[in-house]
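First comes the structure, then the notes that go with it.
The values are calculated or read from the model by the stated rules, or taken from the named source; none is laboratory data. Just so you know, these numbers come straight off a predicted model, no measurement behind them. Positions of Cβ are backbone-derived with ideal geometry, glycine not excepted, and every protein chain shown enters the neighbour counts. Ligands, DNA and RNA are stripped out before the accessible areas are found, and what is left, the full protein with its side chains, is counted by its heavy atoms. Shrake-Rupley method; radii C 1.70, N 1.55, O 1.52, S 1.80 Å.
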Amino acid sequence: MNNSGNLYVVATPIGNLGDMVPRALQVLQQADWVAAEDTRHSGRLLAHFAIETPMIPYHDHSDERQMGRLLEKLGAGQSVALISDAGTPLISDPGYRLVREARRLGVTIVPVPGPCAAVVALSAAGLPSDRFTFEGFLPARQQPRRSALEALAKESRTLIFYEAPHRVLATLEDMATCFGVGREAVLARELTKTHETIIHGTVAELVERVRADANQQRGEIVLVVRGADLETISADSAEQERLLRILMAEVPLKQAAAIAAKITGGSKNALYQQALALKS
Ligand code: SAM
C-alpha cells in the first residue's frame, strides 16, 4: 500500500488511568479512527481524556468485512489506532490478524507501548525474570488444564499465566498436583488498582490463602510461577520412585499409587502409570 496511513498499536492502562502514557493520548487524539475491541468500554476511556476520535469495532473473530473496512481506511491514507479493553493489544487480546494483514499489505505498524499485566506482575514478583514464558489463559476445563500444566512441569523459565477469578483456586490446586506443592509462585491481583494484592509463597501456601479468603478469588489475576529446578525434580522423582517401590511391596498397585499421590501431592494417574512401568 503506497501512501497508506499508519496502524498504531496503542497500550492503555490496566486499571489506573494515571498510567495512560502521553504519547498514547496524542496518538489517540490525532488518529483518524480508533479501532476498539468493545467500543462502549473504550468510549468511557476516551471520554475521560476528552478524546473525540470516532471509534470502529474490531475483534479477531469478527467477520472479514470489519477488517476489510479498516484496511481500506489505511489504504486510503487514514491512520488507525488499535486499542483493547485494557493493556497491550494482541496480548491475550484482539489485533493479531489485523496487524499481520496490514503488515502484509505494506502498512507501517507503529507500536505505542504501555502497561501489560504479565510484565507488570513479573516486575513485582521477585522471581527470576531473565527468561520467562507467557502462557496466557489455561484451558477452562480441568482435564485439558492439567495436561497443559503437566506439559510445562519441566519448563525451567519463569511461567506467567492469566486466570479468571472463579478458576484461580482450581488452577492453583492443579499446579500443586502437576508442579509439586513446594513450587514458588506469586499471585498478583488487581494490579495498579485500589485493591492491588501481591502474595508470594509456595503453591500449597497460595492454595491455603486463596481457599481461606474469598477476596483472593475476585478481580483480575496474574499467576507467576518459578520455573522447574531440574535437580530438585530429579531428586523428587528418585524419592518418589523409592516411595512407590516400598508401597508396591506391601499393597496392590492401585492402592500404592493412591497412597503415594496423597503423600507427594502428585497425580494418582501419573503415579499409577509409573508404578506399572516399575513393575514391568
Ligand atoms: N492485553 C492485556 C494486557 O496487556 O495485560 C490482557 C488482556 S486479558 C483479556 C485480561 C487478563 O489480563 C485478566 O483476566 C487478568 O488475568 C490480566 N489482567 C489485566 N489487568 C489486570 C490487573 N489490573 N491486575 C491483574 N491482572 C490483570
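Numbers at a glance
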{"read-out": "Hits in the range 139-153 (condition: part of a loop (DSSP other than H, G, I, E, B) and within 16 Å of the ligand (Cβ to nearest atom))", "value": "P139, A140"}
{"read-out": "1 or more residues within 16 Å of the ligand (Cβ to nearest atom): qualifying helices (runs of 4 or more DSSP H) within the range 35-138", "value": "39-48, 96-104, 117-125"}
{"read-out": "Subset of the range 192-231 [among the basic types (K, R) and open to solvent by less than 80 Å² (accessible area, probe 1.4 Å)]", "value": "K193"}
{"read-out": "Residues satisfying the stated conditions in the range 1-31, i.e. surrounded by 16 or more Cβ atoms within 10 Å (Cβ to Cβ) and over 24 Å from V120 (Cβ atoms)", "value": "S4, G5, N6, L7, A31"}
{"read-out": "Only listed residue being under 13 Å from T12 (Cα atoms) and assigned by TED's automatic domain parsing to the domain that holds T12, chosen from E37, E52", "value": "E37"}
{"read-out": "Filter result for R189 (touching a residue at least 12 places away in the same chain (Cβ under 8 Å), closer than 21 Å to K268 by Cα and either open to solvent by 30 Å² or more (accessible area, probe 1.4 Å) or in the same structural domain as A214 (by TED's automatic domain parsing) (or both))", "value": "no"}
{"read-out": "Whichever residue in the range 154-167 is within 15 Å of the ligand (Cβ to nearest atom), in contact (Cβ under 8 Å) with a residue 40 or more places away in the chain and over 12 Å from the mean Cα position of the chain (by Cα) and, among such residues, is most open to solvent (accessible area, probe 1.4 Å)", "value": "H166"}
